[in-house]
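S.K.: Here it is, the structure, as structure tokens.
The values are calculated or read from the model by the stated rules, or taken from the named source; none is laboratory data. Computed from a predicted model, the values in this text were never measured in an experiment. When we count neighbours, we look across all protein chains shown, and the Cβ atoms used for this are built from the backbone with ideal geometry, even at glycine. Remember, those area values only see protein heavy atoms, side chains included, never the ligands or the DNA or RNA. Shrake-Rupley method; radii C 1.70, N 1.55, O 1.52, S 1.80 Å.
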Amino acid sequence: MELIPHRKIQWAKSLSAAFECSSSDSHTVGRVFENNKERSEMKNISSKSSIEVIAPASLVWEALTTPDLIKKYFLDSTAISDWKVGGPIIFEGQWQGNRYRDKGTILEMNPYKTFRYNYWSPLSGVDDRPENYFPITYSLSETKGVTRVTITQENISHDSMKAQTEQNWKKVLQNLKDLVENELVTSSPH
């Protein structure tokens, strides 16, 4: 499933490009910052997207932390990590025939509740510095076998990017929901 309509994609090599796109510019997916001064003058905006998955939080957690499952719902990305707080997390793959390798650090892992990491992509056009990383938080809340999954992305630099970021995360969440409900629930003894 393509995250961004083809007419809006001219070039997208990384997760950063897919989520740092401007909805007002139909020809450019990635916003390349000419220097860090420009980045530091931008706002620190957050986006939030949620979905309910008819499955226990344990199955959603499994999908969030299992590389083979991540690949199925998240841009066909390969996730590499030791899955420990403070450890690295790498997303790599191909987007439109071009390879990418984004990196970050796992910031929090509270099983069945919270998974938080940050990431940076060399394709974002900004230096590999802490202020240029995007914190991502997956929050899970289960009630009677239904898990609400909320993804929050921080450090969005422009108001115009917030709506597009939320739209993209909603598509990822729908892919996650479909995977968990259609593959994991039916094959799990839960």
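S.K.: Quick check on residue 130: is it farther than 20 Å from residue 166 by Cα and without any contact (Cβ under 8 Å) to a residue 12 or more places away in the chain?
M.R.: For residue 130, the condition - farther than 20 Å from residue 166 by Cα and without any contact (Cβ under 8 Å) to a residue 12 or more places away in the chain - is met.
S.K.: Note down all Cβ pairs under 7 Å where the first residue falls in region 53-73 and is within 14 Å of residue 109 (Cβ to Cβ) and open to solvent by 30 Å² or more (accessible area, probe 1.4 Å), the second is at pLDDT 95 or above and aliphatic (A, V, I, L, M), and they're at least six residues apart or on different chains.
M.R.: Close Cβ pairs satisfying both conditions: 62/69.
S.K.: Residue 179 fails exactly one of the following numbered conditions: (1) surrounded by fewer than 19 Cβ atoms within 10 Å (Cβ to Cβ); (2) at negative phi. What is the number of that condition?
M.R.: Against the list (1) surrounded by fewer than 19 Cβ atoms within 10 Å (Cβ to Cβ); (2) at negative phi, residue 179 comes up short only on (1).
S.K.: Additional query: With the checklist (1) in a loop (DSSP other than H, G, I, E, B); (2) at pLDDT below 95 in hand, flag the one item residue 112 doesn't pass.
M.R.: For residue 112, the exception is condition (2).
S.K.: Condition (residue is touching a Lys or Arg at 6+ places or on another chain (Cβ under 8 Å), among the polar types (S, T, N, Q) and not in a strand (DSSP E or B)) applied to region 90-106: is it met by at least one residue?
M.R.: Yes, there is a match, as at least one residue in region 90-106 is touching a Lys or Arg at 6+ places or on another chain (Cβ under 8 Å), among the polar types (S, T, N, Q) and not in a strand (DSSP E or B).
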